[in-house]
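In what follows, a structure is listed as structure tokens, so that the remarks can point back to it.
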Amino acid sequence: MESTRSGLPGLTSARQAGLIACRRCGQVHAAGAVRCKRCHGPIRSRDTESLQKVWAWLIAGIIAFIPANIYPMLLTATLLSRSEQTIIGGVVELFHYGNYGIATIVFVASIVIPVGKFIAIGYLAITVQRGRTRHVHQHHKLYDVVEFIGRWSMIDVFVVAILSALVQLNTVATINPGIAALSFALSVVFTMLSALAFDPRLIWDNEGPADA
Amino acid sequence: MSLPPLDDLIACPHCDTLHIELDLPHGGQACCVRCGAVLMTERPRALAQMVSFAVAAVILMIAAISFPFLDIDAQGFHNETSVLSAVMAFNQGRGIPLAIAVALFIIVLPLTRLLALIYAIGPLVVGHRPRRGARVAFALTEQLRPWAMAEIFMVGVSVALVKITGIATVTIGPAFWAFITLVIITIFNDRIMSRYTVWKALDLAYRA
């Protein structure tokens, strides 16, 4: 695929040029515009409350993550036994029965990604607040990854949904969702909102003199 | 430094860097020189492709909802599950909020996105003026993108199948394959064109 390089000499951001750009459609407007003339969406040079929203949703996400790990995700009842399974319990069981691949998927989606996201979003918000940095490219990459990967944490919620729909076999076996399923879904939604509230242009405003 | 006319500029949605918009060769792609985000794509038939894939996806979605999804057999007991009943599984007591969320993520939002896309750019493809609210409809398609989770649901289903193999025999129904096809089409459709390009096409069609 061919890529076309075009740009003003020395790279100017719309903000530096005293202009306001629409993040939805790319249209550039003169200072003072509040609505995009191309896509009619609201426009702002920078989302100044961005970080407040990011922190608020992030904290909500972390709080919801706690019950999601303490309480059971699945309530299984068979003829002989009743059992409750937490997120980690489910991973351990899959691992125990030799389903290493699937166990890894669930572990990564339910534990590694959420925790990694908490750390990554918090780190990005702190670095934006700190000011100049040389690592804008890495930070932007991190933002991209976080934004892309966050939704995938939802896997375990869907596993619970399918299992509890499928396994309703009267007395032989029934599976029902536990309270952790809801807390976990909320945690994922909150952290997604946190990532979406982040205005990535704030990262690039901090590009330090060391970077060209 | 004097700037070119504002309509000749586009700004990167990620890093706000200004670029001068040039005509791209067919199949070409313009990326931000600073952060690498894709700004514009030039594929002459992309709009038509997007609409036809979206129509196909709506049909598959209807099939995926109405046909049996998975069958389970265990010690003489039998249960047939459709995608809808997977959603309704939470439908007792405190499970209701979760039932609503799952329904939104796997059925309502994906379907809304597809219909909004058809509404927004369908008329352009057949050479008509865009309908009222086409901008709102396309904005909705873009905004809902992270919240439509059909592909994640399918990974969840695979995990569930592995977990269940010990207890029971599971048979895969036609809706399962409809859903898989739907997911592949949706992923492909989301990559076909940059959203700046669609906005520009919509804007030009409104002015014509």
Note to self: with every protein chain in place and a 1.4 Å probe, segment B:45-207 gives an accessible area per residue in Å² of 44 Å²
Excluding ligands, DNA and RNA, the carbon-plus-sulfur percentage of the accessible area of the protein assembly as shown with a 1.4 Å probe reads 63 percent
Expected max-MSF residue from A:100, A:123, A:71 in the GNM of chain A (alpha carbon, under 10 Å) is A:100
PRE zone check, label point 7 Å out along Cα-to-Cβ of residue B:208, amide N under 20 Å, scope segment B:128-161, hits B:128-139
Heavy-atom accessible surface buried between B and A, both sides counted, 1.4 angstrom probe, nearest 100 Å², is 6800 Å²
Taking every other residue with Cβ under 13 Å from the Cβ of residue B:47 and scoring Lys and Arg +1, Asp and Glu -1, one gets +3
For chain A, the longest principal axis of the Cα atoms and the Cα long axis of helix A:179-197 enclose an angle in degrees, to the nearest 10, of 10 degrees
Of B:99, B:54, B:148, the most mobile residue in a GNM of chain B (C-alpha springs, cutoff 10 Å) is B:99
Here the percent of antiparallel bridges among DSSP beta bridges lying wholly in the protein assembly as shown, to the nearest 5, is 95 percent
Note: probe point = Cα of residue A:104 + 7 Å toward Cβ; backbone nitrogen < 20 Å; residues of segment A:137-152 passing the test are A:149-150, A:152
To the nearest 0.05, the calculated FRET efficiency linking residue A:144 and residue A:172 through their beta-carbon distance, R0 being 51 Å, is 0.60
Comparing A:166, A:94, A:75 in a Gaussian network model of chain A (Cα, 10 Å), the one with the largest mean-square fluctuation is A:166
Expressed as a whole-number percentage, the relative contact order of segment B:45-207 with C-alpha contacts under 8 angstrom and at least six residues apart is 37 percent
Stretched fully, the stretch from residue A:81 through residue A:35 gains (0.36 nm per residue minus C-alpha distance, one decimal, in nm) 10.4 nm
Taking Cα atoms only, helix B:109-125 is inclined relative to the longest principal axis of chain B by an angle, in degrees rounded to 10, of 40 degrees
accessible surface per residue for segment A:13-169, probe 1.4 Å, DNA/RNA/ligands not counted, whole Å² -> 49 Å²
At R0 = 35 Å the Cβ-Cβ FRET efficiency linking residue B:125 and residue A:88, nearest 0.05, sits at 0.10
For the residue B:158, residue B:192 Cβ pair and Förster radius 30 Å, calculated FRET efficiency rounded to 0.05 is 0.70
If one compares the long axis through the Cα atoms of helix A:155-166 with the longest principal axis of the Cα atoms of chain A, the angle in degrees, nearest 10, works out at 40 degrees
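The values are calculated or read from the model by the stated rules, or taken from the named source; none is laboratory data. This one's a predicted model, so the numbers in the text were calculated from it and none came from an experiment. Positions of Cβ are generated from backbone atoms using ideal geometry, with glycine treated the same way; all protein chains shown enter the neighbour counts. Just so you know, the surface numbers come from the protein's heavy atoms only, side chains and all, with ligands and any DNA or RNA stripped out. Shrake-Rupley method; radii C 1.70, N 1.55, O 1.52, S 1.80 Å.
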